Amino acid sequence: MVFDTSHPDVLDASSVSLVDTRARLVDVERSLPSLSEADNFTMRASFTCQVIDPAVIARQGVIDVTVPLLAYLMGDSDLPRVSAGHRVEEVNAVRIEVSRRMAAYSAIVPPRVAGMSIEFVNAEVHASDDLRDWEQKLRDERRSWELQRGQRDFETQDALRIAELLSQGSDHVDAFGIARKEFDVTEVAARIHRNTDEESARRHKAETAERVHAQTLETADAQMRRDMLLTLLKQMGGSEYVDYHQVLEQVLRETRGQSTPALGAMADPGRMVESGQTRPGHRTAGGDGSHDPHGFVKDEDDLID
């Protein structure tokens, strides 16, 4: 009905009460102790309430139904024992036991308010605000860490994919970039052509340097051979038992036909033919074969003057 302040009943009444007769869901909270004196649980019981006799409600002056419902919850003296043996972190276990306790309590001692029907719906248990804030902080830190780990995993996978792409060569990388429209075909072709020219120039320079080095080594080796032979000739210059023809042939072979400096000065053609004055009683080399073709002594008697 519409409340009309000008109605005669309202004007003639000594008092006026407006009563809500619709069904409502009412929540009532009660604090429950935990194992620690510093923390408490909070139980929230839900009831469905509806006024069935407005006159009784108006006569009793029930303005807020949560007041008699809280008195109903406080009437259960055994309810705190359910939560007192649990730590505040064991809120899930407390929820189960409190729900069982409230179901039994409301069945044995149902809530009653004159002029109103009340039924117990359920009970929820919440931890303290400090614990809830702490758990939220841990949750946020855990999510942040998982996010960072996921990002690192993605970066690792991306790096492995790029490494595999690079291992297949620059041509594959260029083709991949062109396919994703990150590289221009003309620029890639110009760069490949430029790299090819640079590689050819580098290879030609390396081959030229290698040939020069080989020629230098060969020249040094030939010079060393000539120096060694000249030193040998100097040492044999005072010996009378040397076949200079054979030495000359060996020198020419060692020098591969190259002209040996100072060879004419070190080896006199006259001495190559005549190795010294012939001693009495002995024949010269090559006359009767007393000396072998290499100029060595065949008979020990030749060593005696």
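Read the figures in this text as sums done on the coordinates, not as results from a lab. What you see is a predicted model, and the numbers here were worked out from it, not measured in a lab. As a convention, Cβ positions derive from the backbone with ideal geometry for all residues, glycine included, and neighbour counts pool all protein chains shown.
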| task | Go ahead and run the numbers for FRET between GLN151 and THR48, Cβ-Cβ distance against an R0 of 45 Å, rounding to 0.05. | result | 0.35
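Using a cut-off of 14 Å between beta-carbons, work out the net charge of the residues near ARG203 (Lys and Arg +1, Asp and Glu -1, ARG203 not included). Mind dumping the intermediate values first?
Details: positive: ARG202, LYS205, ARG211; negative: ASP197, GLU198, GLU199, GLU207, GLU210.
Cβ neighbours under 14 Å give a net charge of -2.
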| What whole number of Å gives the distance from the Cα centroid of region 174-196 to the Cα centroid of region 1-61? | 80 Å
| Spin-label pair ASP12/LYS181, simplified geometry with 7 Å Cα→Cβ offset, distance in nm | 8.8 nm
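In whole percent, what relative contact order does region 1-123 give with Cα contacts below 8 Å and a gap of six or more residues? Each step should come with its number before you reach the end.
Working: 161 pairs, mean separation 37.9, N = 123.
Once normalised by length, the contact order is 31 percent.
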| Per-residue ³J(HN,Hα) for region 128-137, Karplus 6.51 cos²θ - 1.76 cosθ + 1.60, θ = phi - 60°, Hz, x for Gly and Pro | 5, 5, 5, 5, 5, 5, 5, 5, 5, 5
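Mind checking region 55-98 for GluC sites (Glu not before Pro) that DSSP puts in a loop (not H, G, I, E or B) and that have at most 16 other Cβ atoms within 10 Å?
On the way: sites: GLU89, GLU90, GLU97; in loops: GLU89, GLU90.
Passing both the DSSP loop test and the Cβ count: GLU89, GLU90.
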| request: Would you mind computing, in nm to one decimal, how far apart the modelled labels at SER170 and ARG203 are, each placed 7 Å from Cα along Cα→Cβ? | output: 1.4 nm
| query | Taking +1 at the Cβ of each Lys and Arg and -1 at the Cβ of each Asp and Glu, which of PHE154, TRP134, LEU165 sits farthest along the dipole of region 128-167 towards its positive end, judged by Cα position relative to the Cα centre? | reply | LEU165
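Around LEU147, under 13 Å between beta carbons, what's the net of Lys plus Arg minus Asp minus Glu among the other residues? Intermediate results must be reported in sequence, preceding the final value.
On the way: positive: ARG139, ARG142, ARG143, ARG149, ARG152; negative: ASP140, GLU141, GLU146, ASP153, GLU155.
In short, 0.
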